[in-house]
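Undergrad: The following block contains the structure, expressed as structure tokens.
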Amino acid sequence: MTNSRTMRILQAAASMLVLAAVWQIFSLFFPHFLFPPVPEILSRTVNILITGSLLADVLLTAARIFGGLFSAFILGSLLAMVIGQSKTAENFIAPVLTFFQGIPALSWVVFAIIWFHGTEFRVLFIMVMTTLPAFTFQILDAFRSMSKDLFEMTMAFRPSRWTLFRFLIVPTIVPGILTAWKVNLGNAARVVVVAELVGATGGVGYELLRQQQLFNMAGAMAWTLQLVLFVLVVQQTINAIETWALRYRAVSERLM
Amino acid sequence: MRNMSSADPVIRFTDVSKTFRRPDGRGDFVAVDKLSFEIGKGEIVAVLGKTGCGKSTMFNIVAGLIEPSFGETRVIGHDPFHEFNFFRGKIGIVFQNDRLMPWRSALDNVRLGLQILDRDHKQAEETARAWLKRLGLSGHENDYPHALSGGMRQRVSIARAFAVDPEILLCDEPFSALDEMTARDLRAEFVRLVRQNNKTAVFITHQINEAMEIGDRVMVFHRPARIAYETRLGAATTEADRRKAYEDIIRVLSVEQAPD
């Protein structure tokens, strides 16, 4: 681990500790149902992770996030390929996606509740509709950023379409795909909570609603931290994949 | 399509023209105008001309990357644009910039063409290593392009073009981005490799000395890609003839050319 990376981790930990310290100070002056002490929040957080039935809710939310993101990613990739190859397709599809992008997540939740019966399909529908436009446009942009020079060089060897895809297109769009995942992950985590809050039984969002009904701030914080931790873990995983996948890139010493 | 005899030209342009639509709506721009020439097997032809005279457009037509607007193009007896896949493994190209894939090591960049052509994996690696060694890059097989100097990257791109053992080599100002010493070494290396492997080569340059050093024949283009002057240079060419050819080329290049 380099010195600069260690320093960044220590600085991040220090800022979190300051935040926790400020919260703890508030808990000394306000009622515990408004500002529960930090040890109580941590205790409840750990309890969720070690209690099977409660951990199941966290895993259910995680599964819904991944299910929605993967579905949107696959569908978005297909749409991006179609749009990338046809101006006519772009003229028809892009305005629809832009329109969808303007619809708030809560509206999709209401639509899903009115249109569909099954909880899981509702959540999947909401996740896909809120992340599909971003995935499509980001993958399309990544595809269009492909170097014309590299394309001509590769075409000089007369590759098949599959070979061109494998050797040039995929490596070109990988950075864009990883960025799209990082951006959409945060968005998906927020949307799934709203979807579960309103239209699901089980999951972090459902548990947050329960804590709100019980006026239990420590519980609400603990369940919120589950989601935050999940997003942090997945984002760090994506960062690690990105570091490995883009290891060929030169980095200025000034940036280290 | 008739079978080619050994006397047939490898590259033949017959009244080839190419026009591009101007993006600003000012009509069409003529990049190549009724260009005709022939290049025989084993010839190294240097194409010289000012910037914007249509050399690169001619180059792209030979490579099959763009379609001529009029005229007939034949490379090894076939149309390079419409019979695009016929030329798999037959044409090697060295571009002005190295165009190395940044995510591939030097070895993998040299292997690229061999992989596209579905050559045996082990043999492809051996061939790629051998070409890197011939070009003085042993020990750099696993380096990514960003870790190589400009000259080294261009050597990798030359190795990549030669590795597929093409019949024809097309080079578009491949040494223009390098310093004179590096370019001089690579020019000598390039000519040696072309002759040793009996390739036909078209070499585009805007430097007169480079054209006369490399080419058996020098064609000087005027805008829009018309042959304004042509000369043959061989081992028998005297120093006086070379000087005269140099002066003729300077004179031809100095002539006012058609505006855009």
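Undergrad: Cα axis of helix A:3-29 to longest principal axis of chain A: angle in degrees, 0 to 90, nearest 10?
TA: Roughly 30 degrees, rounded to the nearest 10.
Undergrad: Let me spell out the model: positive unit charges on the Cβ of Lys and Arg, negative unit charges on the Cβ of Asp and Glu, origin at the Cα centre of the protein assembly as shown. What dipole size does that give, in debye rounded to 20?
TA: The calculated dipole for the protein assembly as shown is roughly 260 debye.
Undergrad: Using only Cα atoms and rounding to the nearest 10 degrees, what angle (0 to 90) does helix A:119-144 make with the longest principal axis of chain A?
TA: The two axes meet at around 40 degrees.
Undergrad: Across the range B:136-149, in residue order, what do the Karplus-derived ³J(HN,Hα) couplings come to in whole Hz, using 6.51 cos²θ - 1.76 cosθ + 1.60 with θ = phi - 60° and x for Gly and Pro?
TA: Using θ = phi - 60°, the values come out as x, 10, 4, x, 10, 4, 9, 7, 7, x, 5, 8, 9, 6 Hz.
Undergrad: Determine the calculated [θ] at 222 nm for chain B from helices alone, applying -39500 (n - 2.57) to every DSSP H run no shorter than 4 residues and normalising by the residue count; nearest 500 deg cm²/dmol.
TA: Helices in chain B give a 222 nm mean residue ellipticity of -10500 deg cm²/dmol.
Undergrad: Which ³J(HN,Hα) values, rounded to whole Hz and listed in residue order, are derived for the range B:215-229 from phi using the Karplus coefficients 6.51, -1.76 and 1.60 in 6.51 cos²θ - 1.76 cosθ + 1.60 with θ = phi - 60°, glycine and proline given as x?
TA: Using θ = phi - 60°, the values come out as x, 6, 9, 10, 10, 9, 9, 10, 5, x, 6, 10, 7, 9, 6 Hz.
Undergrad: So what is the relative contact order for the range B:159-260, in percent, with contacts set as C-alpha pairs under 8 Å and at least six apart?
TA: After rounding, I find 21 percent.
Undergrad: Now for a different question. For chain B, what does the relative contact order come out to in percent, with C-alpha contacts under 8 Å and a separation of six or more?
TA: 25 percent
Undergrad: In the Gaussian network model of chain A, springs joining C-alpha atoms below 10 Å, which of A:Phe137, A:Phe125, A:Phe33 carries the largest mean-square fluctuation?
TA: It is A:Phe33.
Undergrad: Where the centroid of each part is defined by its Cα atoms, how far is the range A:123-200 from the range B:54-108 in Å?
TA: Comparing the Cα centres of the range A:123-200 and the range B:54-108, I get a distance of 30 Å.
Undergrad: Here is the link list: B:Lys90/B:Lys122; A:Lys148/B:Lys18; B:Lys55/B:Lys133; A:Lys87/A:Lys148; B:Lys18/B:Lys50; B:Lys41/B:Lys90. Which ones come out longer than 24 Å on Cα distance?
TA: Violating the 24 Å limit, Cα to Cα: B:Lys55/B:Lys133.
Undergrad: Another one. Do the sum for chain A: with -39,500 (n - 2.57) for every DSSP H run of n ≥ 4, divided by all residues, what is the mean residue ellipticity at 222 nm, to the nearest 500 deg cm²/dmol?
TA: Calculated at 222 nm, the ellipticity per residue is -27500 deg cm²/dmol.
Undergrad: With 22 Å as the cut-off, how large is the P(r) tail for chain A, expressed as percent of Cα-Cα pairs?
TA: 65 percent
Undergrad: Report, by chain and number, residues whose modeled amide H sits under 5 Å from the one on B:Ala228, excluding near sequence neighbours (fewer than 5 apart, same chain).
TA: Amide H neighbours of B:Ala228, under 5 Å, 5+ apart: B:Val220, B:Phe221, B:His222.
Undergrad: Still on this structure, I have one more. Return the whole-Å distance between the Cα centroid of the range B:210-260 and the Cα centroid of the range A:224-250.
TA: Taking the Cα centre of each part, the range B:210-260 and the range A:224-250 sit 59 Å apart.
Undergrad: Right, something else. Going by C-beta contacts inside 10 Å, put B:Lys133, B:Lys90 in order with the fewest on the left.
TA: Lowest count first: B:Lys133, B:Lys90.
Undergrad: Relative to the longest principal axis of chain A, what angle (0 to 90°, nearest 10) does the C-alpha long axis of helix A:105-115 take?
TA: 90 degrees
Undergrad: Relative contact order for the range A:32-255: what percent, with Cα pairs under 8 Å and sequence separation of 6 or more?
TA: So the answer I get is 30 percent.
Here, each number is a calculation from the coordinates, and none is a lab measurement. Everything numeric here is computed off the predicted structure, so don't read it as measured data. Note that each Cβ is placed from the backbone with ideal geometry, even for glycine, and that neighbours are counted across all protein chains shown.
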